[in-house]
Amino acid sequence: MVLFEILMISIGLSLDVFAYALYKGAMMPEIRKSALIKISCVFTVWQMAGTLLGNMITKNPLLKATAEKAAAHWKYISVLIFACLGMYMILKGKRHQTIIEHKEEGVELKQVSVWACITSVDAFLAGIGFGLFRTNLTDTVFIIGIVTAASVILGIYAGYWMGCQSKNKIVALGGCILLIGGIELLIRGIK
């Protein structure tokens, strides 16, 4: 897997985080740097940890021994993981829910941590996909960290300025990017 593919999948995953940050930004009476840093750090750590844990599963000696024998099949499973994540995010984005925006005082770290944990499930599954493709773990985790931090910061500012009514469309867009990334990996794997 090349850096472009890692970046594309990272962006697709981060749009789920961006959607939450958009929502959070719309609820803030003002953007405080301390809150921005807290939210960004929590999401970045969870996304990186999810990716790392997913990747570490593929390093399990039992799975690794099997993977050596069936390396070509694992790549298709990896593509399936990215495609299924993409479809899930598209379906999640299709849900029509009205969001009532109201200002919240302060940032509850507990609530942010719960949402970071929930969004990191996608990163965990993607980490398995990255591991099955034998991507460089350092590059993958580093790129996911940078893209996640940027998504949180941009999402909070965008939500603060524009509100969060486009949240579902952004999640669906992230799903489309993941689906395209999976298809691209499949096409490249067939060659």
- Query: Between K169 and M87, how many nm apart are label points set 7 Å from Cα along the C-beta direction?
  - Reply: 2.6 nm
- Distance between modelled label sites at S113 and R134, nm, 7 Å Cα→Cβ extension: 3.9 nm
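Can you check what the net charge comes to around I90, using other residues whose Cβ is under 12 Å from the Cβ of I90 (Lys, Arg +1; Asp, Glu -1)? It would help to have the intermediate numbers written out before the result.
Numbers: positive: K92, K94, R95, K169; negative: D16.
Local net charge: +3.
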- Can you flag which of K38/K94; K33/K110; K24/K169 are past 28 Å Cα-Cα? K38/K94
- Task: With a point put 7 Å past each Cα toward its Cβ, work out how far K94 is from Y76 in nm, to one decimal.
- Result: 2.6 nm
- Task: Determine the sum of side-chain charges near S113: Lys and Arg each +1, Asp and Glu each -1, restricted to other residues whose C-beta is under 15 angstrom from that of S113.
- Result: +2
- Task: Any chance you could look up the accessible area of L53 with a 1.4 Å probe, heavy atoms only, rounded to 10 Å²?
- Result: 100 Å²
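The values are calculated or read from the model by the stated rules, or taken from the named source; none is laboratory data. Values in this document were obtained by computation on a predicted structure and should not be read as measured data. Methodologically, a virtual Cβ is constructed for each residue, glycine included, from the backbone with ideal geometry; neighbour enumeration extends over all protein chains shown. Each accessible area value is taken on the protein alone, full model and side chains, heavy atoms only, with ligands, DNA and RNA left out. Shrake-Rupley method; radii C 1.70, N 1.55, O 1.52, S 1.80 Å.
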